[in-house]
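*Asks:* First the structure, then my questions, so here it is.
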Amino acid sequence: MLLNLRVFQFSAVFSAPKPQKKAFFPKVVSVRSSPMGSASYVTSSALLFRQMFEKESCTYTYLLADASHPDKPALLVDPVDKAVDRDLSVVKELGLKLIYAINTHVHADHVTGTGLLKSKVSGLQSIISKASNAKADLFVEPGDRISFGDLFLEVRATPGHTQGCVTYVTGEGHNQPQPRMAFTGDALLIRGCGRTDFQGGSSEQLFKSVHSQIFTLPIDTLVYPAHDYKGFSVSTVGEEMVHNPRLTKDQEAFINIMANLNLSYPKMIDIAVPANMVCGLQDVESKCSQSIS
């Protein structure tokens, strides 16, 4: 299905690469220290990439930009409201033009920074999956592309943690980052995965999503989740296929594991979900109008 081309360069054709079974641990081209003190992989002469951490919700926010483009267009993946000033400071320091704030899903453990960013950055547009049923300026579906300069992210539907979860994957082709990078939200965590007991979650659906949409990516694809609680910052598809203690099991065993996690009720869910359904702040609902249906 083709979406309106006024903003994105979308592609309706999406074919997953054939799965590969052997684990692969990529050689890092180079590692550059970010302004926030964390290391980031430099995988493309065009890509500027930063991984930033919000400690209260243990959330990773990712900044990507096309540094070779005259405008240096940039986007943020999974921004957090409490870290908006930090994010904008980095954007300013690096001379970037922030054009998109995108979410992998409707979060239950923190309020997205999308609404605040829209109030501070003129022309910034919010993006979320159409399946999330949340408010945004633009909606994406499987196979769509989000372009920023000459770089782009592909959209893969990975429901199961919530009904509207998507994974954003850097593209294939000339000047696109290598190895590829997958921003998996809560669908796939490093040595784990998101819970499936609320927001329309389904263990069976999550298992199928990860195996069909993430584990079919090249095994050297770098995995960047929305959260980490154990001090990890990055993994690979190959590593998770071999070492993930939940998703290396068969579907029946996985469903049984997820049914017996006995997790406590998320402390932020009653605040975060209603706010995130309207772009992050109740009073910015009008600014996050549905401009594409």
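*Asks:* Of all residues in the range 191-233 being open to solvent by less than 10 Å² (accessible area, probe 1.4 Å), among the hydrophobic types (A, V, I, L, M, F, W, C) and not in a loop (DSSP other than H, G, I, E, B), which is farthest from Leu261 (Cα to Cα)?
*Replies:* My answer is Leu222.
*Asks:* Let me ask something else about it. Please work out which one of (1) at pLDDT below 95; (2) touching a helix residue (DSSP H, G or I) at 6+ places or on another chain (Cβ under 6 Å); (3) not acidic (Asp, Glu) is the condition Ile219 fails and give its number.
*Replies:* All conditions are met except number (1).
*Asks:* Tell me, which residue of the range 107-127 that is β-branched (Val, Ile, Thr) and open to solvent by 10 Å² or more (accessible area, probe 1.4 Å) is modelled with the highest pLDDT?
*Replies:* Across the range 107-127, the extreme among qualifying residues is Val121.
*Asks:* Residue by residue through the range 118-156, note down the ones that are in contact with a Cys (Cβ under 6 Å, 6 or more places away or on another chain) and under 23 Å from Leu47 (Cα atoms).
*Replies:* Scanning the range 118-156 gives a single hit, Ser126.
*Asks:* Counting just the residues of the range 54-78 that are among the small types (Gly, Ala, Ser) and assigned to a strand (DSSP E or B), which one comes out surrounded by the fewest Cβ atoms within 10 Å (Cβ to Cβ)?
*Replies:* Ala74
*Asks:* Quick check on the range 38-53: of everything there that is open to solvent by 20 Å² or more (accessible area, probe 1.4 Å) and closer than 18 Å to Gly231 by Cβ, which residue is modelled with the highest pLDDT?
*Replies:* This residue is Phe53.
*Asks:* Report, by residue number, each residue of the range 222-251 that is over 21 Å from Phe53 (Cβ atoms), polar (S, T, N, Q) and under 18 Å from the mean Cα position of the chain (by Cα).
*Replies:* Once the filter is applied, which keeps residues that are over 21 Å from Phe53 (Cβ atoms), polar (S, T, N, Q) and under 18 Å from the mean Cα position of the chain (by Cα), the range 222-251 yields nothing.
*Asks:* Separate question: May I ask you to verify whether Asn133 is touching a residue at least 60 places away in the same chain (Cβ under 8 Å), under 30 Å from Met268 (Cβ atoms) and open to solvent by 30 Å² or more (accessible area, probe 1.4 Å)?
*Replies:* Taking the combined requirement at face value, the residue satisfies it.
The values are calculated or read from the model by the stated rules, or taken from the named source; none is laboratory data. As the structure is a computational prediction, the values presented were derived from the model and not from experiment. Positions of Cβ are backbone-derived with ideal geometry, glycine not excepted, and every protein chain shown enters the neighbour counts. All accessible areas refer to the heavy atoms of the entire protein, side chains included, with ligands and DNA or RNA removed. Shrake-Rupley method; radii C 1.70, N 1.55, O 1.52, S 1.80 Å.
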